[in-house]
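Colleague: Let me begin by handing over the structure; questions about it come next.
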Amino acid sequence: MRYFKFAVVLVFSIFLFMNCAGTKKGGEESAATQEEQQQKELDDIEALLGISTESGQESQATNENGEKLKLLETNEVTPQQGYNSASQAAAQQEIAAEKEKEKLKKETQRLKKQLKEKDRKIAELNALLDQQAAELEQVKQKPTGSTAGYTGSLGTVSGEEYKMRYEEGRAAFENRQYRDAIQIFESLLASNSMHPLADNAQYWIGECHYALRQYDAAIMDFEKVLTFPNSNKRADAQFKLGLCYLRKGQREKALEEFNRLREEYPNSPYNARAQALMSKL
């Protein structure tokens with residue numbers, strides 16, 4: 001603005017100088033006319049200067065107002081910005097919900113694992129109780145016969161009588177009279193351990209103990225069946241050994257007995273059942 005005023009004054013001075021020079025050359029204009037003309041030009045310049053100053057002030061005010069408006073626009077939150085903020089908040093809540101869900105899932109898996117472990121321990125304790133009950137039952141039972149070994153005949157029983165007594169023992173077993181059946185079969189073994197039905201009698205003693213949940217006694221009985229080289233009950237006894245150990249909760253031992261059944265008696269119909277049980281262990 002200062003430079004503009006200076007330029008106007010400079011132009012006016014040059015104009016006056018040229019006017020004065022022209023007046024001196026012509027020599028025709030009067031002093032009053034020159035004064036009026038100069039006064040008019042001064043008025044025009046002042047008016048011009050007043051207009052310029054007002055315009056500058058207006059321009060400055062306009063610039064200040066523009067800066068204030070720009071500042072307001074900068075601080076104003078637009079609807080789009082508000083929407084973006086809400087979207088970010090929703091996304092954060094969703095992530096937090098997913099983390100909580102994953103945490104609950106892991107906790108559920110941990111509790112299921114603990115429950116499974118407790119079930120296994122309960123099964124082992126039940127097997128131990130069954131074993132103790134079987135041992136107690138053996139003490140109470142006090143069998144009259146002995147099946148400790150088979151070295152020969154300990155009595156005189158005819159073939160027909162032996163067979164008849166054997167059928168009586170089977171009938172007692174089918175009627176769930178397991179203790180009576182044990183006594184009958186043990187008496188047969190005590191009378192003649194070399195009879196063709198002796199190995200069968202020994203096998204059914206094991207079945208009786210198994211039915212009474214006397215698994216330790218049943219294991220000894222089934223192992224004795226395997227001492228008969230030509231017995232038709234060897235595969236049956238081998239399969240039952242696996243079942244006894246399974247009932248006792250000894251899974252590794254049960255697998256061992258089932259594998260022995262498959263190796264030594266590959267054509268036995270019990271292999272399918274043993275395989276089905278092994279797949280669940």
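Colleague: What's the center-to-center distance, using Cα atoms, between region 225-281 and region 167-223 in Å?
Modeller: One Cα centre to the other: 19 Å.
Colleague: Arrange F239, F173 by Cβ neighbour counts within 10 Å, fewest through most, would you?
Modeller: Ranked by crowding around the Cβ, least crowded first: F173, F239.
Colleague: Additional query: Return the long-range amide H neighbours of N192 (sequence gap of 5 or more, or a different chain), with a cut-off of under 5 Å between placed amide H atoms.
Modeller: When sequence neighbours closer than 5 places are left aside, the close amide H contacts are L154.
Colleague: Moving to a separate point now. For region 171-238, run through the trypsin sites (Lys or Arg not before Pro) and keep only the ones in DSSP coil with at most 12 other Cβ atoms within 10 Å of their Cβ. Walk me through the intermediate numbers first.
Modeller: On the way: sites: R176, R179, R213, K224, K233, R234; in loops: R176, R213, K233.
Within region 171-238, the qualifying trypsin sites (Lys or Arg not before Pro) (loop, at most 12 other Cβ atoms within 10 Å) are R176.
Colleague: Among D199, D43, D180, D236, rank each residue by its count of other Cβ atoms within 10 Å, from fewest to most, as a rough exposure measure.
Modeller: Neighbour counts put them in this order, fewest first: D43, D180, D236, D199.
Colleague: Also: Of the listed pairs K112/K240; K103/K280; K112/K280; K233/K253; K106/K253; K101/K280, which have alpha-carbon separations greater than 24 Å here?
Modeller: Details: K112/K240 32 Å; K103/K280 30 Å; K112/K280 18 Å; K233/K253 21 Å; K106/K253 34 Å; K101/K280 32 Å.
Where the Cα-Cα span goes over 24 Å, the pairs concerned are K112/K240; K103/K280; K106/K253; K101/K280.
Colleague: First select every other residue whose beta carbon is under 12 angstrom from the beta carbon of V157; then total the charges, Lys and Arg +1, Asp and Glu -1.
Modeller: The answer is 0.
Colleague: Further, regarding this structure: Compute the relative contact order of region 233-281 as a whole-number percentage, counting only Cα pairs closer than 8 Å that sit 6 or more residues apart in sequence.
Modeller: It comes to 37 percent, rounded to a whole number.
Colleague: Okay, next question. If packing is taken as the average number of other Cβ atoms within 10 Å across a peptide's residues, how do 88-101, 241-254 rank, most packed first?
Modeller: Taking the mean over residues of other Cβ atoms within 10 Å, the ranking is 241-254, 88-101.
Colleague: In whole Hz, with x marking every Gly and Pro, tabulate ³J(HN,Hα) for region 215-230 from phi via Karplus 6.51 cos²θ - 1.76 cosθ + 1.60, θ = phi - 60°.
Modeller: Using θ = phi - 60°, the values come out as 5, 5, 5, 5, 4, 5, 5, 5, 5, 5, 4, 5, 7, 7, x, 10 Hz.
We did not get these values from a lab; they are worked out from the coordinates using the rules stated. Everything numeric in this text was worked out from a predicted model, so none of it was measured. All Cβ positions, glycine included, derive from the backbone under ideal geometry; neighbour counts span all protein chains shown.
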